[in-house]
Structure formats: C-alpha cells, structure tokens
Amino acid sequence: MLQSLISLTDHDVARVTEAVRQWCSAQRIDVDSSEGHRALTVAIDLVLTRRGEALFEELVQRLDRE
C-alpha cells in the first residue's frame, strides 16, 4: 500500500485521505481500524485506475458492494 501512495501526486494523496476520512466518519469507525485500512486500499486503487473527481462517492459504492 505504501508503494502505491508514493506513486500518487500530492493532489491524489489529499483526495485519498479526505475520502477515507469522510467514509470512516460516516461509518463511525477509526481510520486506523481494519475497515479503515481496507477503505484506504480501495481508495488508492480507485485513484490509480480512475481519474474521476467523485472519489468519495466511488469509494462508498465500492465498499457497499463488498
């Protein structure tokens, strides 16, 4: 996961962290929990494979399917 973060731009890192924080807050879970780590992994994957700006919405959709 850390290697994937290194390949992101500063803008993308900010998008990932904001989306994960929003998702964790909405779910009332700790970012450092296993669910928070899973959300981080999914968010990074979304940024690496898609370039849409609606990362939070995509993250919610992806995590709701899992």
Gained length - Ser4 relative to Gln22, 0.36 nm times residue gap less alpha-carbon distance: 4.4 nm
Simple Cβ-charge dipole of the chain, Lys/Arg +1 and Asp/Glu -1, about Cα centre, in debye nearest 20: 100 debye
Value of [θ]222 nm, deg cm²/dmol, for the chain, DSSP H segments ≥ 4, -39500 (n - 2.57) each, nearest 500: -24000 deg cm²/dmol
Folded to 0 to 90 degrees: helix 34-49 orientation relative to the chain principal axis, Cα: 30 degrees
Cα convex hull volume per residue for the chain (Å³): 79 Å³
Loop sites in the chain: trypsin sites (Lys or Arg not before Pro), DSSP, at most 11 other Cβ within 10 Å: Arg28, Arg50, Arg51
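Read-outs: derived from the displayed coordinates by stated rules, not from any lab. Just so it is clear, the model here is predicted, and its values are computed rather than measured. Heads up, the Cβs are rebuilt from the backbone with ideal geometry, glycines too, and the neighbour counts pull from every protein chain shown.
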